[in-house]
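First comes the structure, then the notes that go with it.
The values are calculated or read from the model by the stated rules, or taken from the named source; none is laboratory data. All figures in this text were calculated on a predicted structure; none of them were measured in a lab. A quick note on method: Cβ atoms are made from the backbone with ideal geometry, for glycine too, and the neighbour counts reach across all protein chains shown. Areas reflect the complete protein model, heavy atoms only, side chains present, ligands, DNA and RNA absent. Shrake-Rupley method; radii C 1.70, N 1.55, O 1.52, S 1.80 Å.
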Amino acid sequence: MEKNNEEVLLKIDHLCQYFKMGKSELKAVDDVSFDIKKGEVFGLVGESGCGKTTTGRSIIKLYNVTSGNIYFKGVRIGAGIRSYKNAIEKARAEYNEKKTAGLSAEEDARLKKELDAFVGEQKAAIKAAKYDQKNCDKEYAQQRVAQVKEKYEPLLAKAAPAEKEKLAKEYKNELRKAKNTKLVTQIQMIFQDPIASLDPRLTVREIIAEGLIIQGERDKEVIDRKVYEMLEMVGLVREHASRYPHEFSGGQRQRIGVARSIIMNPDMIIADEPVSALDVSVQAQVINLLNELREKFGLTILFVAHDLSVVKYFSDRIGVMYFGKLVEMAPSDELFKNPLHPYTKSLLSAIPLPDPIYEKQRVRIVYNPLAEHDYTVDKPSLREIKPGHFIQCNEAEYKKYMEELK
Ligand SMILES: Nc1ncnc2c1ncn2[C@@H]1O[C@H](COP(=O)(O)OP(=O)(O)O)[C@@H](O)[C@H]1O
Ligand SMILES: [Mg+2]
């Protein structure tokens, strides 16, 4: 299985997620790369439809990735094959072109050999990608099963006869859970719409416990205890367990959504616009709750928002997305101090401040990509303009931004 740097909790590497739209394709996420370190809050920002949710859903494997890789805890959990297929096609076309133009027998043999070797490499990469995409959870479960066995078998061997039965039951329970573990359940997603994301026919207890039960927990006492613990942790009370989602306010529903994620004891939370549907007065409460949980559990958070004001104080680093592309990425302070990409500037100009004088003068900058960039010849890519500050630009723009930074 392909491995990667383990200090980085999540690594997105040239992720592409394309959707078929009749004959054409919609590039919802197009060559996006970023890392999230353990314990970090990474804000992903951009207007509606730019691909934020698709990025999140790709990470938790709700889609098969078109191209690129996703690594979690160093294990490749998502891998697409399109880039390899394209590379094969391109290499074949190049060879055919040369052959048509005329090659000596000797040259032809050499190029053909090179081509075959290259195609072989790409095919091996495709095979490995398909394998990882399919088997990452299975291998992880096998590891967990081995750990449980290692823990319980010696215990059982030396247990007194009176304890044996209880221990054996516990062992069986743990073994079942280990077999059911999926690496991706350590990444939990909190959704934008707390109404649509909670099943109205289930009680709060059933909603919060669902993941545990899927994971193989059968002990009703354990389930109840954990559900109550979670309810209290998110600022609700145990009496709420027997009620239904419609009996709660928007903010409370989002707390239920948070409890449902946290009960899985995740390493990482993807919070997809968790406060966008809430009243402004309630937004801060939910953000504070996430902040508390982050500190308590050392959670790593991918926080998705459509405007910068929400992520400003909460994120360590921010990535700005526009139409499927990451256009700028930097530590939060840096992004607010030295925004370079015109789209980032436009997002910043949209943040209202509680200052009437400033508000009177505030001019919203409108981003018009066609007027801003000339990418007809020199194509853009994501470049590091100063340590940790990345920007999507071509050579001419890079020079211009460098000047601006001075
Ligand atoms: N399952 C899907 N099938 C086809 N198109 C989709 C699908 N999901 C999202 N899209 C499209 O992909 C683009 C990005 O959507 P999304 O990731 O939801 O954006 P955001 O979360 O930033 O608002 C949009 O144009 C959307 O219509
Ligand atoms: Mg979305």
Item to complete: Whenever you get a sec, compute what percent of the accessible area on the chain sits on carbon and sulfur atoms (1.4 Å probe).
Response: 53 percent
Worksheet item: Around K37, which amide H atoms from residues at least 5 apart in sequence, or from another chain, sit under 5 Å from its own amide H, with H modelled in the peptide plane?
Response: L9
Worksheet entry | Sites K112 and F19, calculated FRET efficiency, Cβ-Cβ separation with R0 41 Å, nearest 0.05 | 0.65
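Using only alpha carbons, build the gyration tensor for region 203-282 and give me the equivalent ellipsoid semi-axes, biggest first, whole Å.
22, 15, 10
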Worksheet entry | In Hz, Karplus ³J(HN,Hα) per residue of region 198-213 (6.51, -1.76, 1.60; θ = phi - 60°; x = Gly, Pro) | 10, 5, x, 8, 9, 6, 4, 4, 5, 5, 5, 7, 3, x, 4, 5
Discussion item. Suppose the Debye formula is applied to equal point scatterers at every Cα of region 121-209; what is log10 I(q)/I(0) at q = 0.15 Å⁻¹?
Written reply: -0.83
Item to complete: Mind checking the full-extension length gain between R243 and F323? Use 0.36 nm per residue of separation minus the Cα-Cα distance, one decimal, nm.
Response: 24.7 nm
Worksheet entry | Cβ-Cβ FRET estimate between A93 and K38, R0 fixed at 41 Å, reported to 0.05 | 0.45
Worksheet, complete the sentence: Mean Cβ-within-10 Å packing, highest first, puts peptides 50-63, 8-21 in the order 50-63, 8-21
Discussion item. Normalised by the empirical 2.2 N^0.38 Å for globular proteins, what value does the Cα Rg of region 1-85 take?
Written reply: 1.09
Worksheet item: Taking the simple approach of a point 7 Å from Cα along Cα-to-Cβ for both A162 and N86, what is their distance in nm?
Response: 6.9 nm
Practice prompt. Could you pull out every residue, at least 5 positions away or on a different chain, whose amide H is within less than 5 Å of the one on K61? Hs are placed 1.01 Å off N in the peptide plane, and Pro or chain starts have none.
Written response: none
Worksheet, complete the sentence: Counting only residues 5 or more apart in sequence or on a different chain, those whose built amide H sits under 5 Å from that of M321 are V45, G46, V327
Worksheet item: Using a simple spin-label model with points 7 Å from Cα along the Cα→Cβ vector, what separation in nm is obtained for L353 and N180?
Response: 5.3 nm
Worksheet entry | Protection proxy ranking, peptides 213-221, 120-128, 25-33, 70-78, average beta carbon neighbours within 10 Å, highest first | 70-78, 25-33, 120-128, 213-221
Worksheet item: Using Cα-only point scatterers and the Debye equation, what is log10 of I(q)/I(0) for region 86-126 at each q in 0.17, 0.19, 0.23, 0.34 Å⁻¹, rounded to two decimals?
Response: -0.44, -0.53, -0.72, -1.14
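I'm checking a number: the convex hull volume of the Cα atoms of the chain, normalised per residue, in Å³. What is it?
Value for the chain: 197 Å³ per residue.
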Discussion item. So if I take the centroid of the Cα atoms in region 80-132 and the same for region 345-381, what is the distance between those two points in Å?
Written reply: 44 Å
Worksheet item: Can you work out ³J(HN,Hα) from phi for every residue in region 228-239, in order, using Karplus 6.51 cos²θ - 1.76 cosθ + 1.60 and θ = phi - 60°, giving whole Hz and x for Gly and Pro?
Response: 5, 4, 5, 4, 5, 4, 9, x, 10, 10, 5, 4
Worksheet item: Roughly speaking, what is the stretch gain from D333 to D316, that is 0.36 nm per residue apart minus the C-alpha to C-alpha distance, in nm to one decimal?
Response: 5.3 nm
Worksheet entry | Segment K149-K172, length gained on full extension (0.36 nm per residue, minus Cα span) | 7.3 nm
